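Below is one structure; the comments refer to it alone.
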Amino acid sequence: MEDGYHIIDGQQRLVTLTLCLRALGYNGNLPLLAQRFKSNEACENIANAKYVISELVKYDKVGNKELLDKILTYLSFSVLILNSNHLDLAYTFFSNQNSRGVRLSDYDILKAHHLRFLISNDRQAEHLARRWNAVSQEYDFGNESLMHKTLGLHLYRMRKWMRKHSCDISTSSRPIKDEFSAAALIPGIPPFGERFYFYEKIQGGAHFFAYADTFFDLYKQFVRTPQIHSLRKHLLAESHWKYESVIETILFAYFSKFGKKYLSEALFCIAGVIAGHRYESRALQYKINRYVMDKELIMMIDQASSSSFFLAETLPLIKRSGRDLERNDIKVRFYNSLCKIFKDLQNPSVVVDEEDFRLAKFTDKHIEHLKNEEYA
């Protein structure tokens, strides 16, 4: 706009509101009425909106005044003003892979939320925004969004389960944005410390982008392991995928702390605990999530100073064997899929390097014996 602000996001709602106010008889300043639109499509849409709005207001002349008063009294907007001479930076704040007019995702709004803390540093803000946009276009080998799988699924669950909170996303209209927004601070006390623990409080701005980058990089390494390839190869059929998903989340928590060491042993222990639910209950996602939270596996990983402590603490939680299943149903097919996973890890079909081949095999004789007994 000339002699004013450029509207980067929200053009449609502002134009629609302007047309509504005009039709309802508002006589105040409406600067958008003085603008000219170059796009033929935009002009046609605005003409159509004017007609629809004018037809609606014809039916209730008395109610129009009351509606106008309510709009002027109660309607409010959250406005982010960028005091920058770089228009490209402003568009970068809100750019996403969808066409204009599509509802911004949690990740777009989360990006804008944290870039607000960097308005005084244009170059850093633009760099981080462009990097975020690039990551939003990345996918793993299963064609899954890297950003969604890392932040929106695994880290989101890990953080919720660590606090014994439900990870049901239906409780909020913007669950990911809410979880990863900047935490409250005492203004006079700086928030020192950047350890990048998965459950740490989120600092606004550059800290958040560094936090996210740390786990994006970890996830890229994680999904290249033979353990994940075998999981996804054999455990995504039927409703098994619901269990594969939570097993993957817990294993990612383990990987983020202990790396590849004893990763197959950790998979055996985690899968054994989670399988207990499959063998005894229906595969309802909210019940699976509750079961995982109650088992406190995420907290056990966090509290273990060594993988040995986690593995030793997890083994006694494996209460039910798949070998005891009697009926040939979906539970048996789930068990058979686990058998295939651990058979695969003896001779991984997907090996990135020799270290992966070596680390895919069990090195602890006790757990290997338990694995052979269960999945021979």
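The values are calculated or read from the model by the stated rules, or taken from the named source; none is laboratory data. These numbers come from a predicted model, not from an experiment. Because the Cβ atoms are built from the backbone with ideal geometry, glycine has one as well, and the counts that use them run over all protein chains shown.
Side notes on the structure shown:
- Qualifying residue in region 147-161 (condition: assigned to a loop (DSSP other than H, G, I, E, B) and of a type in the set (S, T, N, Q)): no
- Single residue of region 16-51 satisfying the filter (under 21 Å from N64 (Cα atoms) and basic (K, R)) that is nearest to the chain's Cα centre (by Cα): K50
- Lone unmet requirement of (1) of a type in the set (S, T, Y); (2) out of contact with any helix residue (DSSP H, G or I) (no Cβ under 8 Å at 6 or more places or on another chain); (3) in a helix (DSSP H, G or I) for S305: (3)
- Among residues of region 309-329 being without any contact (Cβ under 8 Å) to a residue 24 or more places away in the chain and of a type in the set (A, V, I, L, M, F, W, C), the one that is farthest from W241 (Cα to Cα) is F309.
- D213 surrounded by 13 or more Cβ atoms within 10 Å (Cβ to Cβ), part of a helix (DSSP H, G or I) and among the acidic types (D, E): yes
- Of the residues making up region 255-289, those that are outside any helix (DSSP H, G or I) and either among the aromatic types (F, W, Y) or in contact with a Leu (Cβ under 8 Å, 6 or more places away or on another chain) (or both) are K260, K261, Y262.
- The residue list F362, F357, F342 contains one member that is surrounded by 18 or more Cβ atoms within 10 Å (Cβ to Cβ), modelled with pLDDT under 95 and more than 30 Å from the chain's Cα centre (by Cα), which is F362.
- Tally, over region 110-137, of residues that are surrounded by fewer than 22 Cβ atoms within 10 Å (Cβ to Cβ) and free of Cβ contacts under 8 Å to residues at least 40 places away in the same chain: 9
- Selection count, region 146-174, where residues are closer than 24 Å to R116 by Cβ, modelled with pLDDT of 90 or more and not aliphatic (A, V, I, L, M): 5
- Against the numbered list (1) buried (at least 21 other Cβ atoms within 10 Å of the Cβ); (2) touching a His at 6+ places or on another chain (Cβ under 9 Å); (3) among the hydroxyl-bearing types (S, T, Y), S264 comes up short only at (2).
- Restricting region 235-254 to residues that are outside any helix (DSSP H, G or I) and in contact (Cβ under 8 Å) with a residue 12 or more places away in the chain leaves a set whose member that is nearest to T363 (Cα to Cα) is L235.
- Flag for A237 being surrounded by fewer than 17 Cβ atoms within 10 Å (Cβ to Cβ), hydrophobic (A, V, I, L, M, F, W, C) and not assigned by TED's automatic domain parsing to the domain that holds D178: yes
- Within region 153-206, tally of residues that are among the small types (G, A, S), loosely packed, with under 15 Cβ neighbours inside 10 Å and within 30 Å of K287 (Cα to Cα): 5
- Region 196-255: number of residues that are more than 16 Å from H154 (Cα to Cα) and acidic (D, E): 1
- Residues satisfying the stated conditions in region 280-308, i.e. in contact (Cβ under 8 Å) with a residue 40 or more places away in the chain, closer than 26 Å to A237 by Cβ and surrounded by fewer than 17 Cβ atoms within 10 Å (Cβ to Cβ): E280, Q285, Y286, R290
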